[in-house]
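Have a look at the structure below before the remarks.
The values are calculated or read from the model by the stated rules, or taken from the named source; none is laboratory data. The model shown is predicted, which means the values in this text are computed figures rather than measured ones. So basically every Cβ, Gly included, is an ideal-geometry build from the backbone, and we count neighbours across all protein chains shown. Just so you know, the surface numbers come from the protein's heavy atoms only, side chains and all, with ligands and any DNA or RNA stripped out. Shrake-Rupley method; radii C 1.70, N 1.55, O 1.52, S 1.80 Å.
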Amino acid sequence: MTDVWTLDAADGELLLRTGVKGRAARMGHRLTIAMTRWQATVRWAGTHPAAVELAVEVDSFEVVGSQGGVKGLSGPEKALVRSNALSSLGADRFPKIRFAADGIEESENGYRLSGALQIRGKQREHVIDLHTEDLGDSWQLSAESTVRQSEYGIKPYSLLMGSVQVADEVALSFTAVHAKDD
């Protein structure tokens, strides 16, 4: 087995899903956003992962779907969402989101990763349950997690004087496949 695995968007996907809240929430869109440039590194000690790191390029944000709202999002509206999000994330000053696991425990379905998540220059402890599945010649990796934007100094976007707001909690999902002989 190789000592280091490197995964990126060619191996899987990293998605964010937003919710809406407020008096006029049904007018808002629940968005699915792909982060199209990221890299995960897994360092191994024998047959066990010893360190996991993920770096996401903030400006790789792309709206790939929406649900709800009065009508679907147009191309210019998706561009506006992207622009607003990049501004909220301070992408010019903080171009990367990072997660580094310093605690890795084997679990029933994979591993529990404990470490530091850094967004917009703020770092908080975060736990991710990574599920692994043996596909024979490769491993399927998947995880879901929730991040509260306000904990990282991000003010969720709102409009119509706050009657439609992006929910503070954002759901993250990660899936990737890694060949066993890589």
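Taken over region 137-153, the criterion of being more than 19 Å from S173 (Cα to Cα) and without any contact (Cβ under 8 Å) to a residue 24 or more places away in the chain is satisfied by S150 alone.
Going through (1) over 15 Å from the mean Cα position of the chain (by Cα); (2) in a strand (DSSP E or B) one by one, I97 falls short only on (1).
Taking each residue of region 47-75 that is more than 19 Å from A85 (Cβ to Cβ) and looking for partners that are at pLDDT below 80 and not in a loop (DSSP other than H, G, I, E, B) with beta-carbon atoms closer than 7 Å, six or more apart or interchain, yields V70/M27.
On the given criteria, is F94 open to solvent by less than 80 Å² (accessible area, probe 1.4 Å) and free of Cβ contacts under 8 Å to residues at least 40 places away in the same chain?
Values: open to solvent by less than 80 Å² (accessible area, probe 1.4 Å): yes; free of Cβ contacts under 8 Å to residues at least 40 places away in the same chain: yes.
Yes.
Each residue in region 7-20 was checked for being open to solvent by 70 Å² or more (accessible area, probe 1.4 Å) and modelled with pLDDT under 95, and 1 pass.
Mind telling me which of the residues A101, A116, A79 ends up being within 27 Å of Q140 (Cα to Cα), of a type in the set (A, V, I, L, M, F, W, C) and exposed (fewer than 15 other Cβ atoms within 10 Å of the Cβ)? Before you say what the answer is, go through the steps one by one.
Values: A101 fails: exposed (fewer than 15 other Cβ atoms within 10 Å of the Cβ); A79 fails: within 27 Å of Q140 (Cα to Cα).
Exactly one residue qualifies, and that residue is A116.
Apart from one condition, E125 fits all of (1) buried (at least 16 other Cβ atoms within 10 Å of the Cβ); (2) in contact with a Gly (Cβ under 8 Å, 6 or more places away or on another chain); the exception is (1).
Reported count of residues in region 44-76, each being open to solvent by less than 50 Å² (accessible area, probe 1.4 Å) and among the aliphatic types (A, V, I, L, M), is 8.
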